[in-house]
1. When only Cα pairs under 8 Å and 6 or more residues apart are kept, what is the percent relative contact order across the stretch 55-117?
2. Give me the net charge for the shell around ILE56: Cβ to Cβ below 15 angstrom, other residues only, Lys and Arg +1, Asp and Glu -1.
3. Which distance in nm do the two modelled labels at ASP15 and ASN40 give, with both placed 7 Å along the Cα-to-Cβ direction?
4. Take the stretch 19-114, drop everything but the C-alpha atoms, weight them equally and run the Debye formula without solvent; then report log10 I(q)/I(0) at 0.12, 0.18, 0.23, 0.25 Å⁻¹ to two decimals.
5. Keeping all protein chains in position, work out how much accessible area TYR110 exposes to a 1.4 Å probe, and write it in Å² to the nearest 10.
6. Using 7 Å Cα-to-Cβ label points, what is the GLN63/LEU25 separation (nm, one decimal)?
7. Compute the length gained on full extension between ALA49 and ARG2: take 0.36 nm times their separation in residues and subtract their Cα-Cα distance, giving the result in nm to one decimal.
Amino acid sequence: MRSWVRGQWIPFDADALSQFLGDPLVLEEGQECEFSQRRNMADGFDEEAIAQLLCISGQDFAQTSVGRRVWIMRTNMTILTQIWMMLLLSNVLPSDHNSDLPLLKCQLVYAILTRMSVHVAQLIADAIYLFAGMPPTRHPLDPDKSNRALGFPAFSSHLVR
């Protein structure tokens, strides 16, 4: 997980990002945070418990036609959930769509609110890796311009120094 920038290789792996963040969570080799452990288990997160914690009373996830929970609309979230959603979607896992919270990000907010350990640097490294591998999209009115936002500009600027 590195990229060639201005004539040098810049690492953006979890270790480099963790060091940038001040090493907020130190794990042993091969050890996973509680959030990753739960996410990797077949029955790791109880969607009913997530809905109870993140939604205002009487509200739930939006569901597909077959009843699969997919996201929580902002209007159905508690104020605390909305605050965490904005923080996460603005700084940790950027998204240009922030009117709802997909199930996987609901699990992250749930983990934070229930005080599970979360390896934020690994989450960001994975997101950068996915973001960097996405094909460029073209602006609908000017095909010479890209339509994609720059992901993680603060990290990029710091790591290139």
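The values are calculated or read from the model by the stated rules, or taken from the named source; none is laboratory data. Every value quoted in this text rests on a predicted model; they were computed, and no experiment measured them. Quick reminder, even Gly has a Cβ in these numbers, built from the backbone with ideal geometry, and neighbours come from all protein chains shown. Accessible surface areas use protein heavy atoms only, side chains included; no ligands, DNA or RNA. Shrake-Rupley method; radii C 1.70, N 1.55, O 1.52, S 1.80 Å.
1. Numbers: 55 pairs, mean separation 19.3, N = 63.
Relative contact order of the stretch 55-117: 31 percent.
2. Numbers: positive: ARG74; negative: ASP60, ASP100.
Neighbour charge sum, excluding ILE56 itself: -1.
3. 1.9
4. Cα-only, vacuum Debye calculation for the stretch 19-114: -0.42, -0.88, -1.26, -1.38.
5. Per-residue accessible area (TYR110): approximately 30 Å².
6. Label at GLN63, label at LEU25, 3.1 nm between them.
7. On the way: separation 47, 0.36 × 47 = 16.92 nm, distance 3.79 nm.
Contour length minus Cα-Cα distance gives 13.1 nm.
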